[in-house]
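Beneath this line is the structure, given in structure tokens, with notes to follow.
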Amino acid sequence: MTATETRWDPIAGSLAVETPDIRSIRKGIALPPLVMRILPLVAIASMGWTVVAAVLGTGVVLAIVVTTAAFGAFFLASHLENEEGRETLRRVRLARERGWSYTGEKMKTVLASDSRGIDAWSTARPAETARMRQVREAVPELVDLRVGAFTGSDFDGEFWGLSREDGLPFWVAIGTMAMDAALAADQGLRRDAYGGRGGFGVLISLLGAYRLDRKTGVRAIVQPENVFNLGPLDRDIKTESAAFNEAFRIAGRAAGDRPAETVELDVLRILTPATQATLLDLMERYRALGFVIDDDVLYFTAQDRLVGANARPDAVDRHICQVLEDFERAKFSLKRYVE
């Protein structure tokens with residue numbers, strides 16, 4: 001049955017979350033990834049054939065029949081596979097196993113249009129949901145595209161739960177995006193950090209928040225360093241660790257009634273040697289990492305990439321579970337030093 005629970009939420013304060021009923025989710029079937037990659041290519045190629053046939057004035061009927069069949073096969077395969085439904089089912093099961101709440105409804109993109117009659121379909125585009133706008137406004141430092149740091153994040157599901165260690169609440173948004181690097185000149189895009197090789201991959205984005213027991217009085221920002229902030233432009237806050245300064249860009253500002261002149265010292269108190277070691281360790285494991293301490297809320301983000309056999313749905317699910325576990329351990333580790 002559908003379960004509705006009121007959860008702590010870093011954006012809204014508290015939120016009523018309705019976890020879907022497993023019995024209401026259409027399960028679908030898993031088709032070979034190669035099939036789902038080839039079918040749209042065949043459909044597009046057949047459409048091109050139809051255009052050429054129309055120009056030449058020969059074989060038009062056959063081209064139309066083949067094009068119709070190709071698109072029909074693609075839509076039928078997508079319906080049978082029901083990738084979104086199977087993904088929702090896996091996430092709901094994960095949430096129920098751990099006593100969490102889950103929904104993808106608040107992040108689900110919709111199709112927007114400028115509503116200009118017959119031109120509406122041609123101008124239809126994915127529209128950002130109100131929830132995603134709120135998340136972006138809360139932590140743009142961790143969500144927006146930043147060259148050399150983060151690929152822009154779009155999320156399609158959220159988890160809410162309580163820590164097993166201290167019972168404090170947390171929230172995690174998750175998003176997966178398919179990538180096709182079959183024709184990429186950079187062979188590095190065809191490999192991941194876990195031994196996977198291939199032209200098809202998945203980019204995983206996570207954004208989490210953890211409530212702290214006390215107010216820090218600052219908004220501390222730690223992002224991956226990039227080439228645009230080197231040399232004379234490298235003017236961020238510095239720790240005593242050259243490795244940490246090379247890996248991350250550090251900034252901060254006062255929150256609440258904290259005087260601005262103490263911000264740098266407050267940020268450095270948060271970035272203890274143990275905290276730095278934790279972040280450097282995570283940076284070794286994941287493609288991109290950053291965090292923001294906004295007074296009494298600790299935000300995390302991590303991005304990772306899987307390709308080849310590692311990008312199969314079952315393998316992606318296992319990896320997401322591992323990332324969530326690493327996230328949870330890292331949150332507790334950092335929380336001890338922050339507080």
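What to note about this one:
- Förster radius 45 Å - calculated FRET efficiency between ALA77 and ALA12 (Cβ-Cβ, nearest 0.05): 0.70
- Segment LEU265-ARG329, length gained on full extension (0.36 nm per residue, minus Cα span): 20.4 nm
- Heavy-atom accessible area with a 1.4 Å probe sorts ARG249, ARG131, ARG211, ARG26, largest first, into ARG26, ARG211, ARG249, ARG131.
- Area accessible to solvent at ILE64, 1.4 Å probe radius, in Å²: 80
- Accessible area per residue (1.4 Å probe, heavy atoms of protein chains only) ranks LYS27, LYS238, LYS215 as LYS215, LYS27, LYS238, with the largest value leading.
- Estimated FRET transfer efficiency (SER163, ARG214; beta-carbon r; R0 22 Å; 0.05): 0.85
- With all protein chains kept in place, the per residue accessible area of the range 4-76 amounts to 63 square angstrom at a probe of 1.4 angstrom.
The values are calculated or read from the model by the stated rules, or taken from the named source; none is laboratory data. Worth saying up front: this structure is predicted, and the values here are computed from it rather than measured. When we count neighbours, we look across all protein chains shown, and the Cβ atoms used for this are built from the backbone with ideal geometry, even at glycine. Surface areas here come from the heavy atoms of the whole protein model, side chains and all, with no ligands, DNA or RNA. Shrake-Rupley method; radii C 1.70, N 1.55, O 1.52, S 1.80 Å.
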